[in-house]
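Okay, structure first, notes after.
The values are calculated or read from the model by the stated rules, or taken from the named source; none is laboratory data. For clarity, every value in this text was computed on a predicted model and none was experimentally measured. Cβ sites come from the backbone with ideal geometry, for glycine too, and all protein chains shown count toward neighbours. Just so you know, the surface numbers come from the protein's heavy atoms only, side chains and all, with ligands and any DNA or RNA stripped out. Shrake-Rupley method; radii C 1.70, N 1.55, O 1.52, S 1.80 Å.
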Amino acid sequence: MTTDTKASETFYKHVIGWEAKDSGMSSQCYTLLLVGPTMVGGLMPIPEDARKAGVGPAWMGYIGVDDVDAYAERVKKAGGAIRRAPDDIPGIGRFAVAADPYGAGFILFQPNTDQQPAPVAAGTPGHIGWHELYAGDREGAFAFYSGLFGWTKAEAVETPGGLYQIFATGGAPVGGMMTKPSHVPAPGWVYYFNVDDIDAATIRVKDSGGQTLFPPMQVPGGSWIVQCRDPQGAMFAMVAAKK
């Protein structure tokens, strides 16, 4: 969600290498982001009600479910909230905007087809390489997501900011959670986009008007990461196998 979809499109096409095309939805402006023929994300203006509530530019992640309405009720029973009731996207599927008990937002999504995108190799540029939650409370948040979606704990790593709990969603680890540091204003998810070379991608961010929050750093396992903000202020991150 952004304050300037065209500027955001230009930025991410250059920095990440995505292609973009209009979704063709008559009800709202929505731009699809693609790697070849595969849809990996989208851009849209911040909805008016969200903007009035103080929501700024941000990425929102989708969690696939088999029944959005049922899961919306489960979210509420587990202590979370539904920010937008279940609704249909014509020709695409059904969704609901949700938040965990500490306020981190996500979207429940049920596609209108059983067909799944073809799997890609880990680290494929343009795809999501890691999902990271700065939680209001790490253990409480993990209990919420694991109870709803069956996520499991993998390795836990001690960091200067506290324990970092890696998690899996049915196969290899896909993300990590930690209690948010005091300098992070609110709980939320950060999404890491795969790139070929972390230094080259970092230069593209700066040349395109974005900013990096710290220099590229190597993480356990050997990958390199950098956290950034785009020109409109949305936080994102990048990950690469090489520097």
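Conditions (1) closer than 16 Å to residue 129 by Cα; (2) open to solvent by less than 20 Å² (accessible area, probe 1.4 Å); (3) touching a Ser or Thr at 6+ places or on another chain (Cβ under 7 Å), marked per residue:
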site: 144; (1), (2), (3): no, yes, no
site: 165; (1), (2), (3): no, yes, no
site: 172; (1), (2), (3): yes, no, no
site: 176; (1), (2), (3): yes, yes, no
site: 192; (1), (2), (3): yes, yes, no
site: 201; (1), (2), (3): yes, yes, no
site: 205; (1), (2), (3): no, yes, yes
site: 219; (1), (2), (3): yes, no, no
site: 238; (1), (2), (3): yes, yes, no
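Within the stretch 34-60, the set of residues being out of contact with any helix residue (DSSP H, G or I) (no Cβ under 7 Å at 6 or more places or on another chain) and open to solvent by 50 Å² or more (accessible area, probe 1.4 Å) comprises 37, 39, 48, 49, 51, 52, 53, 54, 55, 60. Hey, could you check the stretch 18-29 for residues that are within 23 Å of residue 192 (Cβ to Cβ) and without any contact (Cβ under 8 Å) to a residue 60 or more places away in the chain and say which is most open to solvent (accessible area, probe 1.4 Å)? My answer is 19. Of the numbered criteria (1) out of contact with any Phe, Trp or Tyr (no Cβ under 6 Å at 6 or more places or on another chain); (2) at pLDDT 95 or above; (3) under 30 Å from residue 182 (Cβ atoms), the one residue 161 fails is (2). Taking the stretch 221-236 only, how many residues are small (Gly, Ala, Ser) and either surrounded by 15 or more Cβ atoms within 10 Å (Cβ to Cβ) or within 18 Å of the chain's Cα centre (by Cα) (or both)? Total meeting the criteria: 3.
Residue 101 falls short of the stated requirement of being at pLDDT 95 or above and open to solvent by less than 50 Å² (accessible area, probe 1.4 Å).
Consider the stretch 208-217 and keep the residues that are open to solvent by 60 Å² or more (accessible area, probe 1.4 Å) and within 19 Å of the chain's Cα centre (by Cα). The one that is farthest from residue 9 (Cα to Cα) is 213.
Among residues of the stretch 86-98 being β-branched (Val, Ile, Thr) and open to solvent by less than 60 Å² (accessible area, probe 1.4 Å), the one that is nearest to residue 240 (Cα to Cα) is 97. Condition check: in contact (Cβ under 8 Å) with a residue 12 or more places away in the chain, over 18 Å from residue 235 (Cβ atoms) and of a type in the set (A, V, I, L, M, F, W, C). Does residue 15 satisfy that? Spelling it out, it is not the case that residue 15 is in contact (Cβ under 8 Å) with a residue 12 or more places away in the chain, over 18 Å from residue 235 (Cβ atoms) and of a type in the set (A, V, I, L, M, F, W, C). The number of residues in the stretch 84-103 being among the aliphatic types (A, V, I, L, M) and within 17 Å of the chain's Cα centre (by Cα) comes to 4.
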